[in-house]
Each structure stands twice: as C-alpha cells, then as structure tokens.
Amino acid sequence: MPLLVMKFGGTSVADLERIENAANKVMREVERGYDVIVIVSAMSGKTNELVGWVNQTSPFYDAREYDAVVSSGENVTAGLMALRLQEMGIPARSWQGWQVPIQTTSQHSAARFVDIPRANIDAKFAEGMKVAVVAGFQGVSPENRITTLGRGGSDTTAVAFAAAFGAERCDIYTDVDGIYTTDPRITSKARKLERISFEEMLELASLGAKVLQTRSVELAMRYNVRLRVLSSFDETDETSGTLVCGEDEIMESKVVSGVAYSRDEAKITLVTVEDRPGIAAAIFGPLADAGVNVDMIVQNISEKDYEDHVGAVTDMTFSCPVDQVERARRAIEGARDAKAIVYDDLVVDTDVAKVSVVGIGMRSHAGVASRMFKALADENINIKVIGTSEIKISVLVDRKYMELAVQTLHDAFALEKAD
Ligand code: ADP
Ligand code: ASP
Ligand code: MG
C-alpha cells in the first residue's frame with residue numbers, strides 16, 4: 001500500500017469540530033487508496049498552559065518531569081482522532097511515543113530521534129488498520145522516561161515517520177495555506193511560495209519562522225522526504241500548499257527569498273572582561289552547561305589598561321532567548337564568584353528582537369547587507385548587533401521596531417513580486 005504521513009498542528013485540532021474536519025481529510029486519502037500515519041499536536045494553547053503549570057510549580061524544574069507534563073497534550077488529541085476516525089468507519093488506532101516505541105536521546109525537552117522501529121505499526125497495518133494516529137512531539141529515552149523534542153516538535157515527528165516508513169509524502173496541515181516570503185500575520189504583502197529549497201527553509205526556520213520546526217527540515221533534507229505545508233481549513237489536493245525540495249527543483253531566482261523574525265530575544269553584555277586566551281571558553285562553557293542557547297556573539301576591539309584592570313580588556317556581547325536570561329545571569333555570576341572571569345558590569349537588554357533576510361542567491365550576489373542596512377536606516381531603526389552567514393544576514397533591533405523592520409525589508413527586496 002502507498003503510505004502518506006499527514007500532520008495536524010494545534011489550531012487544526014483545537015476542538016472536536018476541527019478534529020472532525022482533519023479526520024475528513026484523512027478519510028479522503030484512505031478512499032484514494034493510501035494507508036495513513038497521522039501525527040497530531042496538542043490542541044492549540046494546551047502546551048503553553050502545561051508549560052505554565054510547570055514553571056509555576058518549579059521555576060528551575062527537573063526536565064524529566066517537565067517532559068512528563070508537557071507531552072500529555074498530544075495524548076488527548078491522538079486518542080480523540082482515533083475515535084473520530086473509528087466513528088467514520090475507518091480502522092484506526094492511536095499510539096503514544098513509548099508504545100511505538102519512538103526511541104530518542106535523553107536530552108529532555110530537546111531530545112533527538114535514535115530509532116523508530118516499524119514492527120508494531122506495520123503489524124497493525126497488516127491486520128487491516130488503515131490509519132495509525134501517533135502523538136507528536138514525544139518519545140522515550142534509553143532510561144525509559146518520556147522525552148519531548150522541543151517546541152514545534154510534531155513537525156519533526158511527522159518527517160521522521162515519513163522517512164522511517166518510506167512515505168510518498170509528508171503533508172504538514174496548518175493554519176496558513178503554505179510557506180510565505182514572511183509571516184503573513186506581519187504583512188499582507190507576504191507572498192505564498194510554490195516551492196522553497198531545503199537550505200532556505202532551514203535558515204528561515206532556525207531564524208524564527210515557526211511554520212516548520214528546524215529539525216524537521218534538517219531530517220527532510222537528509223532523508224529526501226517530500227515535505228509539503230498546506231491548509232487544514234481549505235479544500236486541498238496534490239498541488240496545494242508549498243513544497244520544500246532540493247535547490248535543483250526551484251525556478252525562482254531571487255537574491256533574497258524570505259524574511260524571518262524572532263520576537264523574544266535578549267542581549268547580554270559583559271562590560272570590560274579581561275582579554276586573554278580562554279576568556280570566551282570561561283564565559284560560554286558555563287552558559288552551555290546551564291542549557292542557555294547562545295545565538296549571536298560579538299567581541300569588540302580590546303582596550304589596554306582600562307580603569308582598574310591591568311592588561312587588555314574587551315566587551316563581550318551575546319544574545320539568547322529572553323526566557324533564558326535568568327539562567328544566563330546565574331551562570332555568568334557563578335563563573336565570576338568562582339573567580340573564573342572578571343568583569344565590571346553585566347548589562348541585560350530584554351527588549352530586542354532578531355530580524356533576518358535569507359536567500360541562496362546571496363552566495364553569488366554582493367550588496368545585500370548594504371541594501372538591508374540602508375532600508376532600516378531610512379526608517380530610523382537602530383541596529384544593535386549584526387550577524388551573517390553564507391545565505392543570511394540577521395540584525396538585533398528594539399522589539400518595538402520588529403514589525404516595521406520586517407515590513408521594510410520585505411519591501412526593500414520586493415518580495416511581494418514573483419520575479
Ligand atoms: P501549527 O500549530 O500548525 O504547528 P504553527 O503556529 O507552529 O502552526 O506554525 C504556523 C504559523 O507560522 C503561521 O500561523 C504563521 O503565523 C507562522 N509563520 C511564520 N513565518 C511564516 C512563513 N514564512 N510562512 C508561513 N507561516 C509563517
Ligand atoms: N504541542 C507542541 C508545541 O506546542 C508540539 C507541536 O505542536 O508541534 O510546541
Ligand atoms: Mg508548529
């Protein structure tokens with residue numbers, strides 16, 4: 001039997017009516033002759049609520065118990081989806097991660113797949129089951145504890161199942177009808193893309209475009225999964241939505257193909273740290289140990305004999321998610337108390353956002369950075385930190401300018417036009 005993976009995100013299973021709507025889409029594929037693996041998210045808002053409960057109970061929580069709690073939203077929707085399909089006369093069964101079992105590493109709240117053995121699900125398909133409904137976002141560690149894959153992780157569950165079961169396609173049903181040049185909620189000029197390359201989608205996702213979890217794109221690229229994003233609310237067929245595919249299948253040739261943003265960033269500066277071999281390791285080692293996801297890093301030119309320091313000093317700035325600021329502060333102050341680092345001041349700015357432009361065309365075209373900086377300057381938006389890679393340029397700006405920055409860059413690179 002040909003097999004499809006269909007994933008439904010939180011808004012697509014937000015209530016019983018929407019679960020029925022999603023089940024109708026599954027039924028249509030079964031009627032076309034497919035066996036289907038359905039991956040479900042928790043009802044929208046549910047995971048946030050569960051995370052809130054954990055934080056209220058235990059601010060520096062045990063990650064194993066965090067996973068035990070936050071994985072539970074998906075269990076509810078998996079069971080309900082299986083029941084709805086059964087009511088429609090379709091042989092369906094639900095599976096929680098441990099039942100498959102979806103084997104992951106033991107990095108709680110950021111676990112990675114180790115293996116997805118097919119035997120249990122294949123055996124049920126062989127007995128006549130048409131749809132396996134699998135709870136997304138979760139797995140089980142070698143220590144037999146429940147793990148989760150990081151926020152948005154059901155996308156990655158879907159792609160991993162598509163790879164493991166050799167699915168014809170992995171369809172990600174969501175609340176937008178495809179992948180756009182930027183988040184359509186930020187500008188109505190955002191344009192839906194027919195196709196986007198794995199590389200560009202990988203950058204957009206890792207820079208904040210949450211339409212797909214970064215890891216899902218990585219896996220799709222590695223295992224060559226045909227990955228599509230489409231609407232769970234519109235009528236859809238094989239041509240709907242946006243296909244994420246290899247660069248060789250792309251017709252568009254724009255230098256910049258998308259703008260991404262990440263709203264909740266923080267910028268932390270260690271003022272006048274000693275400038276000596278090993279200082280970066282002394283700062284970022286404890287941050288890594290504390291589980292802080294450091295993103296951009298800037299070390300400025302060093303000065304000699306500044307104030308009460310003897311020898312060279314420098315300022316070290318980095319960014320991280322705003323909800324990790326207290327963790328970061330504790331790690332740095334801990335290193336200072338342990339006399340591993342010396343600095344004059346720790347300056348924390350929790351009101352920044354990151355805005356990035358992405359395009360594989362940047363590899364061969366100069367001038368993207370200057371055009372970006374000019375456009376932001378024309379709107380009087382101050383750039384606080386700049387970071388670049390082969391196919392992206394990112395800037396940190398005050399959060400209040402984030403929307404304006406996205407709209408300005410979308411205009412500056414004429415992304416509303418196809419070519
Ligand atoms: P789901 O719950 O289905 O997983 P998400 O909220 O995780 O859905 O992802 C879909 C959302 O991603 C959209 O509602 C949209 O606001 C946002 N988004 C951000 N960037 C983009 C983009 N470039 N194209 C489409 N959607 C985007
Ligand atoms: N429910 C999880 C989250 O909100 C996983 C997902 O929806 O992909 O992050
Ligand atoms: Mg999502």
>> Can you say whether Y173 is crowded, with 24+ Cβ neighbours inside 10 Å, of a type in the set (F, W, Y) and more than 16 Å from ligand 2 (Cβ to nearest atom), as far as the supplied structure shows?
In response: no
Has region 27-44 got at least one residue that is in a helix (DSSP H, G or I), of a type in the set (S, T, Y), within 22 Å of the chain's Cα centre (by Cα) and within 21 Å of T147 (Cβ to Cβ)? no
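Could you please let me know if V134 is touching a residue at least 24 places away in the same chain (Cβ under 8 Å), within 16 Å of ligand 1 (Cβ to nearest atom), assigned to a strand (DSSP E or B) and within 25 Å of A68 (Cα to Cα)?
On the way: touching a residue at least 24 places away in the same chain (Cβ under 8 Å): yes; within 16 Å of ligand 1 (Cβ to nearest atom): yes; assigned to a strand (DSSP E or B): yes; within 25 Å of A68 (Cα to Cα): yes.
Answer is yes for this residue.
Return the total of residues in region 177-197 being within 16 Å of ligand 3 (Cβ to nearest atom) and small (G, A, S). Even if it seems obvious, please write down each step before you answer.
So in region 177-197, the residues within 16 Å of ligand 3 (Cβ to nearest atom) come out as 177-180, 183-185.
With small (G, A, S) added as a condition, the list becomes 178.
Residues meeting the conditions: 1.
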Could you tell me whether any residue of region 199-216 is surrounded by fewer than 21 Cβ atoms within 10 Å (Cβ to Cβ), within 16 Å of ligand 3 (Cβ to nearest atom) and basic (K, R)? yes
Among the residues of region 23-44, the number that are among the acidic types (D, E) and free of Cβ contacts under 8 Å to residues at least 60 places away in the same chain is 2
Residue count, region 89-108, condition exposed (fewer than 15 other Cβ atoms within 10 Å of the Cβ) and among the aliphatic types (A, V, I, L, M), comes to 0
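Please work out if T174 is within 14 Å of ligand 3 (Cβ to nearest atom), touching a Gly at 6+ places or on another chain (Cβ under 6 Å), more than 25 Å from G387 (Cβ to Cβ) and polar (S, T, N, Q).
Numbers: within 14 Å of ligand 3 (Cβ to nearest atom): yes; touching a Gly at 6+ places or on another chain (Cβ under 6 Å): yes; more than 25 Å from G387 (Cβ to Cβ): yes; polar (S, T, N, Q): yes.
Against the criterion (within 14 Å of ligand 3 (Cβ to nearest atom), touching a Gly at 6+ places or on another chain (Cβ under 6 Å), more than 25 Å from G387 (Cβ to Cβ) and polar (S, T, N, Q)), T174 qualifies.
Every residue, every condition in (1) closer than 21 Å to K417 by Cα; (2) away from ligand 1 (no atom under 14 Å from the Cβ); (3) out of contact with any Gly (no Cβ under 9 Å at 6 or more places or on another chain); (4) part of a loop (DSSP other than H, G, I, E, B), yes or no:
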| position | (1), (2), (3), (4) |
| --- | --- |
| R222 | no, yes, yes, no |
| R228 | no, no, no, no |
| E235 | no, yes, yes, yes |
| E238 | no, yes, yes, yes |
| V244 | yes, no, yes, no |
| D248 | no, yes, yes, no |
| S253 | yes, yes, no, yes |
| V256 | yes, no, no, yes |
| Y261 | yes, no, no, no |
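Taking the criterion of being closer than 20 Å to V69 by Cβ and buried (at least 21 other Cβ atoms within 10 Å of the Cβ), would at least one residue in region 109-117 satisfy it? Give the derivation first.
The first filter runs over region 109-117 and keeps only residues closer than 20 Å to V69 by Cβ, leaving 109-111.
Next, only the ones that are buried (at least 21 other Cβ atoms within 10 Å of the Cβ) stay: 111.
Within region 109-117, one or more residues are closer than 20 Å to V69 by Cβ and buried (at least 21 other Cβ atoms within 10 Å of the Cβ).
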With the first residue restricted to region 206-232 and required to be closer than 11 Å to A160 by Cα and small (G, A, S), and the second required to be more than 13 Å from ligand 2 (Cβ to nearest atom) and not in a helix (DSSP H, G or I), Cβ contacts under 6 Å at 6 or more apart or on different chains are A220/L227
Exactly one of E31, E65, E49, E17 is more than 11 Å from ligand 1 (Cβ to nearest atom), under 22 Å from W98 (Cα atoms) and of a type in the set (D, E), and that one is E65
Residue pairs within 8 Å by beta carbon, gap of at least six or interchain, first lying in region 339-350 and farther than 22 Å from G278 by Cα, second aliphatic (A, V, I, L, M), listed first then second, are V348/A266; V348/I268; V348/V325; D349/A266; D349/I268; T350/A266; T350/V322; T350/V325
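Pick from A282, A290, A205: which is within 16 Å of ligand 1 (Cβ to nearest atom) and either in contact with a helix residue (DSSP H, G or I) (Cβ under 8 Å, 6 or more places away or on another chain) or polar (S, T, N, Q) (or both)? Before the answer, list the steps.
Working: A282 fails: within 16 Å of ligand 1 (Cβ to nearest atom); A290 fails: within 16 Å of ligand 1 (Cβ to nearest atom).
Result: A205 is the single residue among A282, A290, A205 that is within 16 Å of ligand 1 (Cβ to nearest atom) and either in contact with a helix residue (DSSP H, G or I) (Cβ under 8 Å, 6 or more places away or on another chain) or polar (S, T, N, Q) (or both).
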Checking M27, M129 in turn, the sole residue that is modelled with pLDDT of 95 or more, among the aliphatic types (A, V, I, L, M) and touching a Pro at 6+ places or on another chain (Cβ under 6 Å) turns out to be M129
Residue check, K46 at pLDDT 95 or above and within 16 Å of ligand 2 (Cβ to nearest atom): yes
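The values are calculated or read from the model by the stated rules, or taken from the named source; none is laboratory data. This is a predicted model, so every value here is computed, not measured. Cβ coordinates were reconstructed from backbone atoms using ideal geometry, including for glycine residues, and neighbour counts include every protein chain displayed.
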